[in-house]
1. Taking amide H atoms as placed 1.01 Å from N in the peptide plane, list the residues 5 or more away in sequence, or in a different chain, whose amide H sits under 5 Å from that of Gln134.
2. Scan around Gln108 for amide H atoms under 5 Å from its own, H built in the peptide plane at 1.01 Å from N, and keep only partners 5 or more places away or cross-chain.
3. Summing Lys, Arg as +1 and Asp, Glu as -1, what charge do residues with Cβ under 14 Å from the Cβ of Cys191 carry, Cys191 excluded?
4. Between Val44 and Thr247, what is 0.36 nm times their sequence separation minus the Cα-Cα distance? Round to one decimal in nm.
5. 7 Å from Cα along Cα→Cβ at both Ala225 and Asn167: what's the point-to-point distance in nm?
6. How would you order 215-222, 95-102, 77-84 from highest to lowest mean count of nearby Cβ atoms within 10 Å?
7. Can you give the local net charge around Ala210? Use residues other than it whose beta-carbon is closer than 15 angstrom to its beta-carbon, Lys and Arg +1, Asp and Glu -1.
8. Given a Förster radius of 41 Å and the C-beta distance between Phe148 and His265 as r, what FRET efficiency does 1/(1 + (r/R0)^6) yield to the nearest 0.05?
Amino acid sequence: MTRVKQTVSRQAPWAAFGAVMLIANVSCGKMPEAAAEVKLSPAVEIAETPSIIGKVTLKGADTAALRKVVNVGGNPFCTGHGDIIDSTWKVADDGSLADAVITVRGSQRASNLSSAPLVDQTNCEFVPHTVAIQAGQNIRFHNSDLTFHNIRVSRYEAHGKGANIDNFGQPSRGDENVKTFNAPGIFRLECDVHRWMNAWVVVHEGAHTAVSAADGRFSISRALADGDYIVEAWHPQFSQSITHTVTVRGGKATADFEFDFANAHPL
């Protein structure tokens, strides 16, 4: 296993992920919306086996100060679940950073995918807060709360400018929408009813993606052939991603990433 010195990408993260476009929306049985076609690369079977593992950390931050309780404005439903912690930063005392998205450039799409990932709205929060999928994959958006939610989807382009591309309501517990993301990009989810609710969907060109957990650790769970790869870490509080050039040997490699709080510049 080989580890090399990390570098800060000179490209904005959305450029590295490619042109941003949302192609289809399948919502409660509705037909997909009309949109320009994007040609997807062929999908191939890729073994589900860990190839690149590592850890993401944040340096230079007062981790206690980053933990903030959300002001829900006395919302009677949302106050009934206890404190809601601001999801902007999820940092452990040792600097372990959650919700960083790790991708491998030049990744292929996998044909052997499991069911579509779920983004739930529960206790007035999006869970999980960050999801990474491959181009052409679906996401299920679900409402588990006994209150009205809506999901506004914005795509992020150069300089962090967002364009609203969809907005659908989920007024009742059990409501569910399925959306297909056909092209790479970064998408922000928001609930206009509960303005503190937000989440991220990162659509990568292929299947080699991972999201760091609460302990900062990640595992790209798709096989890679031996060789050199550019591996990228992205976090929404940084306008620039971090890259490693990683050498895979025997199907395995390690890549650790460290973000500097002094460089934080949210999208």
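1. Result for Gln134 returns His204.
2. Ala207, His208
3. With Lys, Arg at +1 and Asp, Glu at -1, the net is -4.
4. Once the chain is fully extended between Val44 and Thr247, it gains 70.8 nm.
5. 4.7 nm
6. Sorting 215-222, 95-102, 77-84 by mean packing, highest first, produces 95-102, 215-222, 77-84.
7. Details: positive: Lys55, Arg105, Arg217, Arg222, Lys252; negative: Glu48, Asp99, Glu205, Asp215, Glu232, Asp256.
Cβ neighbours under 15 Å give a net charge of -1.
8. My answer for the efficiency is 0.75.
None of the figures in this text is laboratory data; all of them are computed from the coordinates on show. Just so you know, these numbers come straight off a predicted model, no measurement behind them. Every residue, glycine among them, receives a Cβ derived from its backbone with ideal geometry; neighbour counts consider all protein chains shown.
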